[in-house]
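The structure under discussion appears below in the form of C-alpha cells.
Taken together, the values in this text are just the output of simple stated rules run on the coordinates, not laboratory data. Quick caveat, the model's predicted, so the values are computed rather than measured. Here the Cβ positions follow ideal geometry from the backbone for every residue, glycine too, while neighbour counts run over all protein chains shown.
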Amino acid sequence: MLPENVSIIEVGPRDGLQNEANQVPTEAKIQFIQLLKGAGFNEMELTSFVSPKWVPQMKDATEITDSCLDETRNFVLAPNRKGVERVRLTDVSAIAVFAGVSNSFNQKNSNRKTDELLSELLPLVQELKSEGYFIRACISTAFYCPYEGKMDIEDTIRVCKKFVEAGADELSVADTIGMATPEEASALFTRLTKEFSSTMLTAHFHDTRGMALANIYACLQVGISRFDTSAGGLGGCPFAKGATGNVATESVVYMLERMGVSTGINLAEVMKAVDLIEPHLSRSITTPFRSLYLKE
Ligand code: HMG
Ligand code: MG
C-alpha cells in the first residue's frame with residue numbers, strides 16, 4: 001500500500017552543487033534556492049559548513065544561509081565542531097551531520113576512521129540537541145562503499161543506532177554510489193523501521209546505475225515516506241569515487257503524483273530552478289522533464 005503523502009527533501013543546493021567543477025556564483029545559488037522554495041519544498045539542504053579547503057564550492061555557506069533562511073526546515077551540514085561554531089553564528093535551527101559506515105570512505109571524506117569520527121560527532125549531537133537543534137544524521141555508504149564493497153547490514157545498523165542514542169531526530173540513510181537494488185533497499189529499510197520506530201527515516205538514493213526510482217518504490221512498500229532528491233539530478237560526493245547525481249526531484253515528483261501520492265511540489269516550478277542553474281554548471285542537464293514542463 002502506498003502512503004497518501006510523502007515528504008521530499010530537496011538537496012540540490014548542497015549535494016547537487018558540492019561536486020560541481022565550476023564555482024557557482026553565490027547569487028545564482030541563492031536564486032536557485034529561492035526558485036526551489038517557490039516550488040513548495042518544506043525541507044531543504046541549503047549548504048555545508050565544511051572546510052573550504054576540502055570543498056571550495058561551499059565556501060559561501062554563511063552568505064547562502066543568511067540569505068535563504070525562512071520559516072521552513074532548512075538544513076545545513078556541519079562536519080565537525082569548527083563547522084558547528086560557524087553554524088551557531090547563523091539563525092539555523094536544523095543541522096545535518098554525516099558519517100559513513102565504512103572506514104575507507106570516512107578516511108577520504110572526513111579524514112578520520114569511523115570510530116574516531118563517531119567519537120567526535122556523537123557528543124556534538126548530544127550538545128546540539130540540548131540546545132534545541134533538530135538533528136539529521138546522514139549515513140553514507142549504508143549499502144556499498146566505493147573502496148570496501150558491500151557493507152554488512154549490522155555495521156550500518158550499529159552506526160545508525162549510535163546517532164539515535166545520541167538524540168538524532170532523523171536518519172537519512174544513503175546509497176552513496178547508487179549500487180543498491182530494490183531488494184536491498186527493502187531489506188535495509190524494513191530493518192530500520194523495526195529498529196528505529198520513533199526516528200524519522202529518510203532514504204537518500206544516488207542514481208548512478210538508474211536504480212533510484214525502483215529503490216524508492218521499494219521503500220514506499222515498506223512504509224518509508226521521506227526521500228532526499230535533487231533538482232535536475234545534480235549531485236555526488238567529491239570523496240566517493242564514481243558517485244554521480246542524486247535521484248532527480250522531477251522524476252520522483254512525477255512518479256509519485258502519477259501514482260496518487262501527494263508531494264506538495266510543483267514540477268513546472270522545479271524546472272524553472274533547473275533552467276536557472278544550468279548555465280552556471282560545467283555540464284548540461286539532460287532531464288526530459290525540461291522540455292515537457294518548462295515551455296508553457
Ligand atoms: P581535516 O583536514 O582533518 O581538518 O579535515 P582539520 O581540523 O585538520 O582542519 C584543516 C583546515 O580546515 C584548518 O585550516 C581548519 O581550520 C579548517 P588551516 O588551519 O589549515 O587554515 N577547517 C574548517 N574550516 C571551515 N569549516 C570547517 C572546518 N573544519 C576544518 N568546518 C574535515 C576534516 C571534516 C574538516 C574535512 O574532511 C571536510 O571538510 N570534509 C567535508 C567533506 C564533504 O563535504 N563531503 C561531502 C558531504 S557528505 C556527502 O555528500 C554524503 C551525503 O550526501 C550522503 C551520501 O550520499 O552518502 C550526505
Ligand atoms: Mg549524497
* State the Cα centre-to-centre distance between the range 1-15 and the range 264-296 in whole Å. => 17 Å
* Which percentage, to the nearest 5, of the DSSP beta bridges contained in the chain is antiparallel? -> 10 percent
* For the chain, calculated [θ]222 nm from helices alone, where every DSSP H run of n ≥ 4 adds -39500 (n - 2.57) -> -12000 deg cm²/dmol
* **Count of lysine pairs in the range 24-157 with Cα separation under 25 Å (8 or more residues apart, or interchain)** => 17
* Structure fact -> Restricting to Cα pairs under 8 Å and 6 or more apart, the percent relative contact order of the range 52-103 works out to 36 percent
* Got a sec to turn the phi values of the range 225-241 into Karplus ³J(HN,Hα) couplings, 6.51 cos²θ - 1.76 cosθ + 1.60 with θ = phi - 60°, whole Hz, x for Gly and Pro? -> 9, 10, 9, 7, 9, 10, 4, x, x, 6, x, x, 9, x, 10, 10, 3
* To do: Could you work out the relative contact order of the chain, using alpha carbon pairs under 8 angstrom and six or more residues apart, expressed as a whole percent?
  => 23 percent
* Straight-distance crosslink candidates among aspartates and glutamates, where the alpha carbon sits under 13 Å from LYS272 and sequence neighbours closer than 8 are dropped -> GLU250, GLU296
* Answer rounded, prolate or oblate for the chain, using the Cα gyration tensor with square roots of eigenvalues a ≥ b ≥ c: rounded when a/c is under 1.5, else prolate when a/b is larger than b/c, else oblate. => rounded
* Enumerate the amide H contacts of SER48 below 5 Å, restricted to partners 5 or more residues apart or on another chain; note that Pro and chain-start residues carry no placed amide H. => LEU77
* In units of 2.2 N^0.38 Å, what is the alpha-carbon radius of gyration of the range 144-296? -> 1.09
* Structure fact -> 1/(1 + (r/R0)^6) with r = Cβ-Cβ of THR286 and LYS82, R0 = 35 Å, i.e. FRET efficiency to nearest 0.05, evaluates to 0.40
